[in-house]
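First the structure, in the form of structure tokens, and then the observations on it.
Derivation of every value follows stated rules applied to the coordinates shown; laboratory data play no part. Predicted model, so just to flag it, every value in this text is computed and none were measured. Don't worry about glycine lacking a Cβ; one is built from the backbone with ideal geometry, like all the others, and counts go over all protein chains shown.
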Amino acid sequence: MKHAAPHHTHNWALSRWGAVFHSSHLKNFGFGLLICALVCAPMLALIIEALRNFNSSTWRDLLAYTLPNASMNTFIILLFASITGLLYGAGSAIALQFCHIPMRCTLVFLCVLPLAMPTYISSLGLMMLLDQNANIWGAQTLRALLASPFGAGCMFGLSLSPYVFLTCTTYLQRVDLSCINAAYTMGISTPKIARDVLLPLLRPACVGGCALIGMEVLNDVGTVSFLGVTTLTTSAFHMWAAQGQLGTAAQISLIVLVLAFGLLAAERKARKALSFTIDANINAKPLTLKLHTFTHYLFIIPCLVPFLVVFFVPLFVFLRASWGQSLPAFTALATLHSIGLGCGVAVLCCVSAFILLGMRRHAPSRVMSALLRTATSGYGVPGTLIGLGLLLCLPMLRNSWEWLFPTYGDAVVRALLVSSPILVMIALWIRFISVAQAPIEAGIAALSPTLEQAAYTLGASPAHALRTIRLPLLMPAVLSAGLMVGIDSIKELPATLLLHPAGFETLPTLIYAATHREAYEEAAPAALVLIACCLPILFGVLKLVAKR
Amino acid sequence: MKHTIAARVCSLISAICISLFLIPHTNAQEKTLTVYSYRDPVLMAPLYEAFKAKTGIAVNHIFAKDGLEERIQLEGTASPADVILTVDVAKLVKAKTIGITQNFNDPEITKVVPAQFRDGDGAWMAVSTRARLIYASKTRVSAENLRYEDLANPEFKGKICVRSGLHPYNLSLISSMIANTGLAATETWLAGVKANLARKPSGGDREQAQAIMNGVCDIALGNSYYVALMQTNTKDVVQQEWANAIKVIMPNAQDRGTHVNISGAAIAKNAPNLVHAKAFMQFLVSPAAQKLYADSVYEYPIRADVPVNPVIAQLGVLKADPLPITKISAHIIEAAKLVEKVGFDQ
């Protein structure tokens with residue numbers, strides 16, 4: 001057997017490459033390659049721009065004055081966002097899994113609710129509250145704290161703690177927890193079990209959740225700009241926008257890209273570790289930690305703090321500020337644009353993720369897996385960088401189009417790319433395709449291949465089998481993927497702000513415009529509309545996840 | 001079954017929304033003009049409506065905080081931009097430098113816009129001006145005349161509030177300090193102001209007035225029109241209290257004059273609607289538009305024959321720094337580097 005191994009490996013590799021280049025799969029491979037090229041184009045454009053414009057004197061200034069502060073701030077924000085996210089996200093997941101807490105379903109919903117409010121909106125609400133009550137003792141100290149890298153990190157941590165909560169909860173439902181019972185049988189105390197068994201067990205879920213938080217932090221421009229904290233992302237943006245040094249901006253962006261891809265790799269590694277869990281015994285009695293009754297109730301705190309601080313309090317501030325006020329001009333149109341954008345990007349992401357995953361299922365090979373990994377790497381890239389990269393691609397696109405169609409070149413490029421929201425949709429599609437991929441991949445993995453095989457045996461065509469078997473069975477996964485992409489697209493600000501065409505305001509850009517001219521009282525009603533748009537979608541996601 | 005129905009409902013809603021949002025935003029038959037603007041659409045709406053009433057040309061508006069010049073440059077000949085509207089001279093100068101403007105030498109514009117506030121070649125012109133003022137506590141600051149230079153005096157230690165040093169309003173002021181006093185002196189001055197800050201630079205100009213009312217600091221820097229916006233705010237009446245807590249000092253009124261920046265406009269190089277763009281530029285300096293603009297954004301009209309809004313007029317007579325605005329904007333990058341060097345925002 002041992003002697004046969006190399007030959008077998010060789011054959012295996014050949015057969016895989018053969019599978020890729022088989023005439024029936026060449027089309028699939030081409031489609032995957034096209035998506036990868038589209039995802040990579042903005043990043044490649046940035047890299048080329050960075051390499052083309054290297055200037056040592058600019059870098060001397062950057063290293064002396066800009067980068068130390070921006071890097072330190074980014075590090076502090078990432079650190080405290082992770083710590084806070086872990087504390088409240090993992091804390092609430094453990095609490096709801098292992099403690100006797102009343103109203104468990106309500107608390108699950110409250111734990112996820114911060115996702116309905118973007119971090120920049122929560123920060124706006126809290127700042128408005130602190131400024132309105134500046135004379136109350138401690139308000140100024142709190143304000144100063146919030147406007148520091150530490151405060152910004154905590155804001156991100158609280159606001160994005162649902163990511164850690166969701167990954168930990170999903171993990172705890174799938175993993176075999178009998179080791180905890182075994183530890184109790186051996187007479188080990190609860191704190192020791194928490195430290196030596198539970199926390200190591202949760203490590204992959206925590207790493208995955210924190211990596212998601214980190215990527216969101218690197219993507220952010222709105223919150224840190226509003227709080228007045230300079231990060232690497234804002235430095236790149238400032239270098240481009242205020243000083244007109246696109247090359248230097250691209251070079252700083254490369255640092256952000258390296259960080260983002262590091263986080264993406266950590267998230268993928270964690271996700272891979274999560275997929276190797278032992279299935280939980282669904283008939284097992286729910287496990288409860290042996291704690292004092294009062295301690296059980298104490299565990300409600302991590303469930304409630306993020307909801308109260310980053311959702312309820314800002315919501316209350318916005319409701320008070322909006323009381324008796326009419327909605328600002330363009331709100332109805334901006335709402336329509338936001339929902340339309342959300343729907344459009346959701347459809348795009350779901351369709352392409354579905355096709356990519358289907359292709360890998362039918363022609364499994366390392367190349368297809370690599371293509372899928374590349375196509376879904378956009379989530380790690382901040383929206384500003386995707387937007388910047390797409391803008392850098394515009395001259396090349398224009399020139400190619402003009403070369404192909406000299407008469408209509410400009411008019412078509414203007415109509416398609418510059419005067420319509422298509423460029424915004426492409427940017428969001430690049431960024432959120434992985435958000436759609438994860439639930440659809442889980443759905444496909446749960447699907448037994450024998451069902452389709454049976455259909456083929458009975459004479460069904462692949463299209464018929466897809467329409468009558470695969471799609472109906474995968475519909476919950478596709479719907480939840482679509483809803484998740486929708487909510488992210490509706491909230492998205494950096495790429496939309498950079499690429500939106502004339503007359504195409506969305507709710508986030510409207511709020512940003514109002515805060516930009518310091519008319520917070522006008523931003524409040526629009527923020528309420530944004531939350532109202534996100535809430536039913538989030539509710540839909542939760543309902544679908546609960547059913548699955 | 002339930003999921004199939006849900007999926008169909010979702011698909012239907014998606015299809016309706018997508019088709020609605022992909023519908024062209026303007027009527028194809030309508031005469032249009034596209035403005036790339038750093039001033040947000042709500043503030044510009046009255047002006048656009050007046051322009052449409054007069055000429056029948058509807059205005060499409062793209063708002064951004066930064067990066068519009070680069071966007072126009074990268075869009076190249078396919079750019080739909082007809083007019084570029086900025087709230088800072090540096091961006092107009094940059095637009096000309098990177099070659100995205102075209103010259104428009106209209107006799108009326110040359111006549112009514114002072115040479116100090118327009119490009120010599122006709123690449124851009126100012127529409128209005130605004131002054132960078134000192135807000136001081138009515139009760140805690142007795143001085144009636146202050147200079148920008150005084151903000152670095154040790155007597156104001158822990159008493160000054162200001163927004164981010166990298167904000168265009170402050171960068172423009174720092175550039176004017178460089179133009180007037182030199183780079184080394186400005187660095188010493190900026191480090192002195194930094195040492196006098198009561199808190200880390202943050203928020204906007206209105207929040208500095210609020211901080212003065214709350215006793216966080218005694219002195220702040222802010223633009224002239226924010227005083228009027230606070231005084232006349234009926235949506236958030238508490239802002240009237242902020243305005244009432246401060247007195248406005250026109251800095252350097254006794255010597256070189258107060259630093260002013262401009263809101264300005266330029267015609268884009270590849271403007272698809274050039275005739276409309278020229279009509280818009282002419283409209284912007286017309287007495288009616290100047291009055292409307294001055295009343296809606298509370299800036300000083302560029303035309304001498306149009307009266308300043310009464311709320312702004314009560315702040316006092318403005319003696320503007322006579323230095324050509326282009327000489328000030330030439331130091332913007334140096335100003336940004338100084339802000340980083342002294343760690344002003346940290």
Selected from A:Ala260, A:Gln453, A:Val310, residue furthest toward positive end of dipole (the protein assembly as shown; charges at beta carbon) = A:Gln453
ask   = With charges only on Cβ, +1 for K and R and -1 for D and E, what is the dipole size of the protein assembly as shown about its Cα centre, in debye, rounded to 20?
value = 2300
remark   = When chain B is treated as a Gaussian network with springs between alpha carbons less than 10 Å apart, the largest mean-square fluctuation among B:Arg118, B:Arg132, B:Arg140 is found at B:Arg140
request  = Quick one: what are the phi-derived ³J(HN,Hα) couplings along region A:358-375, Karplus 6.51/-1.76/1.60 with θ = phi - 60°, whole Hz, x for glycine and proline?
outcome  = x, 5, 5, 5, 8, 10, x, 7, 5, 5, 5, 4, 5, 4, 5, 4, 5, 5
key: Contour minus Cα-Cα distance for A:Ser369 and A:Thr141 (0.36 nm per residue)   = 77.0 nm
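What's the exposure ranking of B:Phe51, A:Phe29, A:Phe307, going from fewest to most Cβ atoms within 10 Å?
Working: B:Phe51 25, A:Phe29 19, A:Phe307 22.
So the residues, fewest neighbours to most, are A:Phe29, A:Phe307, B:Phe51.
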request  = Mind putting together the pair-distance distribution for the protein assembly as shown? All Cα pairs, 10 Å bins, whole percent per bin, short to long.
outcome  = 2, 11, 21, 24, 20, 12, 6, 3, 1, 0
note = The long-range amide H neighbours of B:Asn60, using H built 1.01 Å from N in the peptide plane and a cut-off of under 5 Å, are B:Leu33, B:Thr34, B:Val35
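How much net charge surrounds A:Ser57 when only the other residues with a Cβ under 14 Å from the Cβ of A:Ser57 are counted, with Lys and Arg +1 and Asp and Glu -1? Each step should come with its number before you reach the end.
Values: positive: A:Arg60, B:Lys337; negative: A:Asp61, B:Glu334.
Within the 14 Å Cβ shell, the charges total 0.
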task = Calculate one ³J(HN,Hα) per residue across region B:251-267 by plugging θ = phi - 60° into the Karplus curve 6.51 cos²θ - 1.76 cosθ + 1.60, and present them in order as whole Hz with x for glycine and proline.
result = x, 6, 5, 7, 10, 6, x, 7, 6, 10, 10, 10, 9, x, 9, 9, 8
ask   = What order do you get for A:Tyr456, A:Tyr120 when you list them from fewest to most C-beta neighbours inside 10 Å?
value = A:Tyr456, A:Tyr120
Rounded if a/c under 1.5, otherwise prolate or oblate - region B:282-346, Cα gyration tensor axes = prolate
query = Which Cα, out of A:Ala205, A:Leu63, A:Ile136, lies furthest along the positive dipole direction of the protein assembly as shown (beta carbon charges, K/R +1, D/E -1)?
reply = A:Ala205
ask   = Among B:Lys31/B:Lys327; B:Lys138/B:Lys194; A:Lys491/B:Lys94; A:Lys491/B:Lys52; B:Lys96/B:Lys200, which pairs are too far apart, with a Cα-Cα distance over 30 Å?
value = B:Lys31/B:Lys327; A:Lys491/B:Lys94; A:Lys491/B:Lys52; B:Lys96/B:Lys200
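Taking N as the number of residues in chain B, what value does Rg over Cα atoms divided by 2.2 N^0.38 Å take? Show your work: numbers first, answer last.
Values: Rg = 22.3 Å, N = 346, 2.2 N^0.38 = 20.3 Å.
My calculation over the Cα atoms of chain B gives 1.10.
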key: Of B:Ser142, B:Ser202, B:Ser128, the one that fluctuates the most in a GNM where chain B has Cα springs shorter than 10 Å   = B:Ser142
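To the nearest 20 Debye, how big is the dipole of region A:376-509 about its Cα centre, given +1 on the beta carbon of each Lys and Arg and -1 on that of each Asp and Glu? Walk me through the intermediate numbers first.
Working: 6 positive and 7 negative charges, 22 e Å.
That gives region A:376-509 a dipole magnitude of about 100 debye.
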query = By its C-alpha gyration tensor, with a ≥ b ≥ c as the square roots of the eigenvalues, how is region B:222-346 shaped: rounded for a/c under 1.5, else prolate for a/b larger than b/c, else oblate?
reply = oblate
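Based on the alpha-carbon gyration tensor of region A:139-189 and its eigenvalue square roots a ≥ b ≥ c, which shape applies: rounded if a/c is under 1.5, prolate if not and a/b is larger than b/c, or oblate? Walk me through the intermediate numbers first.
On the way: a/c = 6.30, a/b = 2.43, b/c = 2.60.
Because a/c hits 1.5 or more and a/b fails to exceed b/c, region A:139-189 counts as oblate.
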key: Among the listed pairs B:Lys54/B:Lys278; B:Lys65/B:Lys159; B:Lys157/B:Lys341, those beyond 23 Å (Cα-Cα)   = B:Lys65/B:Lys159
request  = Return the whole-Å distance between the Cα centroid of region B:197-270 and the Cα centroid of region B:155-179.
outcome  = 12
inquiry  = Tell me which of A:Ala502, A:Val541, A:Tyr520 sits at the most positive position along the dipole axis of region A:499-548, charges placed on C-beta atoms (Lys, Arg +1; Asp, Glu -1).
reply    = A:Val541
task = Go ahead and estimate [θ] at 222 nm for chain A from helices alone: -39,500 (n - 2.57) per DSSP H run with n ≥ 4, summed, over the residue count, rounded to 500.
result = -24000 deg cm²/dmol
request  = State to the nearest 20 debye the size of the charge dipole of chain B about its Cα centre, where the only charges are +1 on K and R beta carbons and -1 on D and E beta carbons.
outcome  = 440
message = Out of all DSSP beta bridges in the protein assembly as shown, what portion is antiparallel? Express it as a percent rounded to 5.
response = 65
ask   = What list do you get for A:Trp59, A:Trp323 if you sort them by fewest beta carbons within 10 Å?
value = A:Trp323, A:Trp59
